Amino acid sequence: MKFTTVQKFVFNNIDSILIAIAGFIFILLLTKYGGIGISPDSVTYASVAKNLVSHGKFIEYDGMPYVDFPIGYPVFLSIFFKLFGDDYVHIGIYINALLFAVLILMCGFAMNRFTYTSRLYKIVILLCIAIGPGLLEVYSMIWSETLFVFLSVLFIITLHKYLNTIDTSALIATALIAATICIVRYAGICVIGIGGFVLLFMKHRSIKQKCIHIILFGAIASSLLVFNLIRNFYAQGFLTGEREKSLTSLLGNFNYFGITLYDWLPYAFNHYLPETIFGVAVVLLLAIAVIWHLITKKDNTGFEYIAAVFACGYISFMILTATVSRFEPLNSRLFSPAYIPLLWVLAYWLNKTIIASKGWKRVVFISFNIFMAVFFICNEFIPSYGSYSDIKDYGIPGYTDDDWRLSSTVKYIQSGDSVFRPDFDIYSNANDAVFFFAGRSTQRLPHRQSPDEIKEFYDDDHFYIVWFNLGYDPDIVALNDILKKRPMKLIKQFPDGAVYMTIDPDMLNANKALANPKPAAPNQ
């Protein structure tokens, strides 16, 4: 029987297709209860996408220009909003499920072309990707990492094709993907460096050819980012928004990386190594793997080598950036683009031992690899299933879980315009939550480290404060500090929050005068 091209593809990739379908279903199961997960960043992305569709402008929910994140992900969301409406809590489920399924398919496609490969080896790795707690967390949320991870694997695939063909069209395709990555997350700039490194150390290529291709790659890969940065500067006067100096040391960020590794493997090694040492050790091993490959291999065009360079480059970049610039502590979400390359690099050595061994050694290595595969899959499955057990009854942590959806404070702000006077400003420690639940644009309470914001806030005579206990942020001026400095009237108190309004200064002075009358003038 003669197979058609499609039938042949399905037959050769049936394992990848079935696991991709399973990954699609996993995302549907995780989001079944309350919809896709929504965080403050999610509200920002979605509001910009909605404004882009409605008004053609990159404007956030609070009316400010969108500069803290690059424009790529909102543009991506806006395409779906234009086609299917802007109910992103439900549309986001299918966007992410589809991205996750295609990601698994691409990984299967790539693994068919590994130096050392087998169908069983591929199935084990794809299962680890499909049930990995880090990736399931990302793809159950409206986060830019969903697109970033997808494009990163696509970048590795196209870079591999270029290295094996030295085709200029493949190089341009790789550069265009890198350019897109850079405007999905600013951290994507490291991909330009990763691509440049791989091109620089190509073997059997002349210096002239390397230089020409590196310049071409760099020019195309940086083009969209340069455009985005220029647009940001004209919109708000900052290239990437206001950035504060980091409060975390280099070792502290290695510690966060080690914690993330233990989160991905919660039962592995039983946490014998301190997190910092574990994090440093993994980065050093990746660097050694890259150097060893460059020294010992006659050619460096394999997926495993590119994956090692990507994992080492991306992880190092994130750790160094977090040491210089302040943003949320490094975590599984921020390291998620390195998960698949890291998995490929570590698993490569296990599969290689089987291929290279014979006789009784081969039996030993096969047995050892089976044990490691079962152990690793169990390590991935147990925490993922534990998370699902909680999510299926309460929703994904964030604004679509029961703590937020059933909040008394949320229900109060949803009750209508009669709640707030139109001539009063509204401040909140979770202004994104006010917008998400009530569709009302509000201002965020000032940051502790911003004297100008604090002064402007206290100079405002008439405003409300909507305070959410769930929205506690140590970087924002605390409610108790505000109440000590500014007379406020409690409008409503709830178990999970409160609403306050300023007391009219004129009325306050009048009340003070009544309470403390001036003594009568003495008789002349």
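The values are calculated or read from the model by the stated rules, or taken from the named source; none is laboratory data. Quick caveat, the model's predicted, so the values are computed rather than measured. Please note: Cβ atoms are built from the backbone with ideal geometry, for glycine as well, and neighbour counts cover all protein chains shown.
Looking at I181, is it in the same structural domain as A308 (by TED's automatic domain parsing), surrounded by fewer than 22 Cβ atoms within 10 Å (Cβ to Cβ), touching a Phe, Trp or Tyr at 6+ places or on another chain (Cβ under 8 Å) and not small (G, A, S)? For I181, the condition - in the same structural domain as A308 (by TED's automatic domain parsing), surrounded by fewer than 22 Cβ atoms within 10 Å (Cβ to Cβ), touching a Phe, Trp or Tyr at 6+ places or on another chain (Cβ under 8 Å) and not small (G, A, S) - is not met.
Candidates I214, I230, I207: the one that is within 21 Å of K161 (Cβ to Cβ) and without any contact (Cβ under 8 Å) to a residue 40 or more places away in the chain is I214. Could you go through segment 208-217 and let me know if any residue there is surrounded by 19 or more Cβ atoms within 10 Å (Cβ to Cβ) and assigned to a helix (DSSP H, G or I). Yes, that holds for at least one residue. The set of residues in segment 232-248 that are closer than 20 Å to I319 by Cα and of a type in the set (F, W, Y) is empty.
The listed residues are L273, L261, L294, and the only one of them that is surrounded by fewer than 14 Cβ atoms within 10 Å (Cβ to Cβ) and not β-branched (V, I, T) turns out to be L294. Whenever a residue of segment 479-490 is of a type outside the set (S, T, Y), its partners that are assigned to a helix (DSSP H, G or I), lying with C-beta atoms within less than 8 angstrom and at least six residues away or across chains, give the pairs K485/Y458; R486/Y458; P487/L508; M488/I482. Consider Y45 carefully, then state whether it is assigned by TED's automatic domain parsing to the domain that holds E328, touching a Phe, Trp or Tyr at 6+ places or on another chain (Cβ under 6 Å), touching a residue at least 40 places away in the same chain (Cβ under 8 Å) and not in a helix (DSSP H, G or I). No. In this structure, L151 does satisfy being within 20 Å of the chain's Cα centre (by Cα) and without any contact (Cβ under 8 Å) to a residue 60 or more places away in the chain. Only a single criterion out of (1) under 30 Å from R243 (Cβ atoms); (2) at pLDDT below 95 is not satisfied by F84, namely (1). Within segment 55-77, the set of residues being surrounded by 18 or more Cβ atoms within 10 Å (Cβ to Cβ) and either outside any helix (DSSP H, G or I) or aliphatic (A, V, I, L, M) (or both) comprises F58, I59, E60, Y61, P65, Y66, V67, D68, F69, P70, I71, L77.
Just one of the listed residues (F100, F58, F24) is more than 16 Å from the chain's Cα centre (by Cα) and over 22 Å from G237 (Cβ atoms), namely F24. Of all the listed residues (D401, D432), the sole one being touching a Pro at 6+ places or on another chain (Cβ under 8 Å), outside the structural domain of L135 (by TED's automatic domain parsing) and farther than 22 Å from K489 by Cα is D432. Taking the criterion of being part of a helix (DSSP H, G or I), aliphatic (A, V, I, L, M) and under 13 Å from Y256 (Cα atoms), the residues of segment 319-347 that qualify are I319, L320, A322, L334. For L52, indicate whether it is in contact with a strand residue (DSSP E or B) (Cβ under 9 Å, 6 or more places away or on another chain), assigned to a helix (DSSP H, G or I) and of a type in the set (A, V, I, L, M). So L52 fits the description; yes. In the set K208, K203, K161, only one residue is assigned by TED's automatic domain parsing to the domain that holds I19, closer than 19 Å to C107 by Cβ and basic (K, R); that residue is K161. Condition first: under 24 Å from G23 (Cβ atoms) and within 23 Å of the chain's Cα centre (by Cα). Can you find one or more residues in segment 355-376 that meet it? Checking segment 355-376: not a single residue is under 24 Å from G23 (Cβ atoms) and within 23 Å of the chain's Cα centre (by Cα).
Checking each residue in segment 192-204 for being touching a residue at least 40 places away in the same chain (Cβ under 8 Å), of a type in the set (A, V, I, L, M, F, W, C) and buried (at least 17 other Cβ atoms within 10 Å of the Cβ) picks out I194, V198, M202.
The helices (runs of 4 or more DSSP H) falling completely within segment 94-204 that include 1 or more residues that are modelled with pLDDT under 95 and in contact with a Pro (Cβ under 8 Å, 6 or more places away or on another chain) map to 133-139. For beta carbons closer than 6 Å, sequence separation of 6+ or different chains, a first residue in segment 311-322 that is at positive phi and a second that is modelled with pLDDT under 95 and part of a helix (DSSP H, G or I), there are no qualifying pairs.
Quick check on I230: is it exposed (fewer than 15 other Cβ atoms within 10 Å of the Cβ) and in a helix (DSSP H, G or I)? So I230 passes the test. Among the conditions (1) crowded, with 20+ Cβ neighbours inside 10 Å; (2) over 29 Å from the mean Cα position of the chain (by Cα); (3) of a type in the set (V, I, T), I340 misses just one, which is (2). Here the condition is being of a type in the set (S, T, Y) and under 19 Å from L98 (Cα atoms); of Y66, Y33, it holds for Y33 alone.
Looking only at residues of segment 403-454 that are within 14 Å of N469 (Cα to Cα) and either among the polar types (S, T, N, Q) or over 30 Å from the mean Cα position of the chain (by Cα) (or both), we find that the one that is surrounded by the fewest Cβ atoms within 10 Å (Cβ to Cβ) is S408.
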